[in-house]
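The values are calculated or read from the model by the stated rules, or taken from the named source; none is laboratory data. All figures in this text were calculated on a predicted structure; none of them were measured in a lab. Backbone-built Cβ (ideal geometry, glycine too); neighbour counts: all protein chains shown. Heads up: the accessible areas ignore ligands, DNA and RNA and are worked out on the full protein's heavy atoms, side chains in. Shrake-Rupley method; radii C 1.70, N 1.55, O 1.52, S 1.80 Å.
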Amino acid sequence: MRDDDILHDAPHSSRAHVADLLDERRVELSNGIVTRMQRREGVTVSPLIVRTLVHALGKSIAESAPDVVVHWSRMVRHAHPATLVVAMVDAACEAVEALAHEEHGDLATIVVFLEIVKARASAQMLDEAPAARSDSEAASHAAIESLLAML
């Protein structure tokens, strides 16, 4: 095996490792996200729904497919307001980022991927939301899109 093969496989292995950890620690991570949502948003969300989000996020990372979380957000959107769904995705991505940091994984790849997941889920929710975006929301959305384009 050549050195460049080892380097090429490292990020994938790191993503696979993080995805495995998400499956192993799903309940623990979900409870932490529920607690974070209560503190930050002042709302109580179902631990079961958050567990499905953690599962979707793990699958999304393993497959390098942000649309898995977008699909999850569409399904949950029928039960919760778009802003709450986006907040759940944000909190879950923050928890995954912290987990990747603890595990000394390929943090840059994971962080960029999680930003893409958050942006796509947020865009999906905001596009489907009946209310029009405010100027600050539109500017924030444009800034995220330009950052993702640069990355």
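A few remarks follow.
- Each residue in segment 54-90 was checked for being among the acidic types (Asp, Glu) and either touching a residue at least 12 places away in the same chain (Cβ under 8 Å) or crowded, with 21+ Cβ neighbours inside 10 Å (or both), and 2 of them qualify.
- Which numbered condition residue 117 fails, given (1) open to solvent by 30 Å² or more (accessible area, probe 1.4 Å); (2) in a helix (DSSP H, G or I): (1)
- Residues located in segment 9-53, provided they are more than 15 Å from the chain's Cα centre (by Cα), farther than 14 Å from residue 95 by Cβ and in contact (Cβ under 8 Å) with a residue 60 or more places away in the chain: 10, 11, 14, 17
- Matching residues, segment 38-57, being part of a helix (DSSP H, G or I) and in contact with a Leu (Cβ under 8 Å, 6 or more places away or on another chain): 41, 54, 55, 57
- Residues (of a type outside the set (A, V, I, L, M) and more than 17 Å from residue 35 (Cβ to Cβ)) located in segment 71-95: 71, 72, 73, 74, 77, 78, 80, 81, 83
- Residue 112 being outside any loop (DSSP other than H, G, I, E, B), of a type outside the set (D, E, K, R) and at pLDDT 90 or above: no
- For segment 115-143, filtered to residues that are among the small types (Gly, Ala, Ser) and at pLDDT 80 or above, the residue that is farthest from residue 23 (Cα to Cα) is 123.
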